[in-house]
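The values are calculated or read from the model by the stated rules, or taken from the named source; none is laboratory data. Bear in mind the structure is a predicted one, so any value in this text is a computation, not a measurement. For neighbour counting, all protein chains shown are included, and Cβ atoms are generated from backbone atoms with ideal geometry for every residue, glycine included.
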Amino acid sequence: MNVGLGFIGAGNHARHHMKEFAQLPGAVLVRVVDIRHIRAEEAAHDFSPLRVSSTLAELLADSDVDAVVIATPAESHRELVEAALAAGKHILLEKPMAHTPEDALAIANAAAAHPELVLLVGHSERFNRAYIDARKAIDENHVGVPRFASASRLSPLHLNDPGWTLGVLDTAVHDIDIMLWLIGDRPVAVAANGVRVNPDLSIFDHVTYQIHFADGALAQGHVGWVKFGDGYPMSGNAHPRLFIAGTAGTLSLDLWQRPVAVDNNLSGAYFWPDDVLTGYGDYFTELTAQNYAFVRAVTEGKPLSIMPAEAYQAVRVAHAARESLTRNNGSLILLD
Ligand SMILES: NC(=O)c1ccc[n+]([C@@H]2O[C@H](COP(=O)([O-])OP(=O)(O)OC[C@H]3O[C@@H](n4cnc5c(N)ncnc54)[C@H](O)[C@@H]3O)[C@@H](O)[C@H]2O)c1
């Protein structure tokens, strides 16, 4: 069975999806809509056989569209998800799930009311072999119980929009989700501080945040939007790093280097768990792996590796960090 895809939003990231899905067995590009019509026109020109819809209703009414890819700013997600579910469409929804916990919860509840439809939130790092191997190292007890995590992510400025409600925390939700996933405990409080480095921006472009967990574990993150020069290595990509200290060892991950290294205190072993660099057979990027997982969830009912409730948690933490950042004095925001 093929999955006919409708794209809602035809901006920067939607075009990556179109490129990936165009090469993916089982996926067919059907329609695209964007409130900036010219973007839909350009996408249809570049990605055959996409056809332009002038309204969302027209796209959703097309019975050849089995699933939609929502790649619009988070502020629009709830309304678009509710419309797509009502029209009986499966959904690949870009992260963050929403710009507020209220909208994220509404989306999770709406998805739960439609168990026959797939809702996958695009936390693409969950499909990145480096993070999957980090999780495997923790599951196999190489680092013991994680007690401290530190993540850093530098994202190219041109890929981001200073108008997003969550600001640079829109980008940080990747690391927030990964640290919640790896630490596996309940976050209870969040604090954040920021600084404006780029004089052209009216928002904090470098932010540090801390997440306190119920069992006393601590996570911290640094997220920054950076104007990389063309000559900078991998200037078009984020530079994500992660460090975990556990009761039995440490783990560090750097997506620009050999991705995952584990140092186990007890055995004295220092190793790279696996074949991270060898890829996915035919599927090499985390976006391809994610989109392939989405197609298989729709066609074969394969379980999702990130559930809506987890994406909601990431929004909750990011939003609390934003609240703390608004005061910019490191105020601790309690999560109830
Ligand atoms: N998973 C990732 O690694 C990753 C990477 C980049 C962006 N993103 C996410 O993807 C989303 C889009 O980011 P982007 O960089 O493509 O932004 P963008 O500004 O380049 O594109 C967004 C597009 O959505 C359109 N749009 C806005 N509201 C709409 C609506 N109601 N209906 C139809 N179209 C609408 C805009 O006109 C624009 O063309 C964001 O949520 C962002 O966080 C995820």
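Miscellaneous remarks
- The selection criterion, being assigned to a strand (DSSP E or B) and either within 22 Å of G6 (Cα to Cα) or of a type in the set (A, V, I, L, M) (or both), does not hold for I138.
Yes/no per residue for (1) touching a Lys or Arg at 6+ places or on another chain (Cβ under 9 Å); (2) farther than 22 Å from A27 by Cα:
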site: D66; (1), (2): yes, no
site: A74; (1), (2): yes, yes
site: L80; (1), (2): no, no
site: A87; (1), (2): no, no
site: K95; (1), (2): no, no
site: A104; (1), (2): yes, yes
site: A108; (1), (2): no, yes
site: P115; (1), (2): no, no
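- Of the residues in the range 134-142, none is modelled with pLDDT under 95, charged (D, E, K, R) and in contact with a Phe, Trp or Tyr (Cβ under 6 Å, 6 or more places away or on another chain).
- Residue in the range 166-189 that is outside any strand (DSSP E or B), more than 10 Å from the ligand (Cβ to nearest atom) and polar (S, T, N, Q) present: no
- Look at (1) in the same structural domain as A130 (by TED's automatic domain parsing); (2) in contact with a Phe, Trp or Tyr (Cβ under 7 Å, 6 or more places away or on another chain) and you find that T326 fails only one, number (2).
- Condition check for L105: crowded, with 19+ Cβ neighbours inside 10 Å and either in the same structural domain as E300 (by TED's automatic domain parsing) or under 26 Å from R316 (Cβ atoms) (or both): no
- P101 vs. criteria under 17 Å from the mean Cα position of the chain (by Cα), of a type outside the set (D, E, K, R), over 23 Å from L157 (Cα atoms) and away from the ligand (no atom under 14 Å from the Cβ): yes
- Hey, E82 in a helix (DSSP H, G or I) and either of a type in the set (A, V, I, L, M) or not assigned by TED's automatic domain parsing to the domain that holds A321 (or both) or not: yes
- Test: residue in the range 16-32 that is within 23 Å of G167 (Cβ to Cβ) and within 10 Å of the ligand (Cβ to nearest atom): yes
- Which listed residue, of A130, A74, A112, is touching a residue at least 60 places away in the same chain (Cβ under 8 Å) and surrounded by fewer than 16 Cβ atoms within 10 Å (Cβ to Cβ): A112
- The range 64-79: number of residues that are more than 10 Å from the ligand (Cβ to nearest atom), within 20 Å of A106 (Cβ to Cβ) and out of contact with any Phe, Trp or Tyr (no Cβ under 8 Å at 6 or more places or on another chain): 1
- Residue that is nearest to the ligand (Cβ to nearest atom) [pool: residues in the range 39-55 that are in a helix (DSSP H, G or I) and surrounded by fewer than 19 Cβ atoms within 10 Å (Cβ to Cβ)]: E42
- From E323, E310, E300, residue being among the charged types (D, E, K, R), surrounded by fewer than 17 Cβ atoms within 10 Å (Cβ to Cβ) and modelled with pLDDT of 95 or more: E323
Quick grid of which residues meet (1) acidic (D, E); (2) more than 17 Å from the chain's Cα centre (by Cα); (3) modelled with pLDDT of 95 or more; (4) not assigned by TED's automatic domain parsing to the domain that holds A320:
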| residue | (1), (2), (3), (4) |
| --- | --- |
| W164 | no, no, yes, no |
| G167 | no, no, yes, no |
| D170 | yes, no, yes, no |
| D200 | yes, yes, no, no |
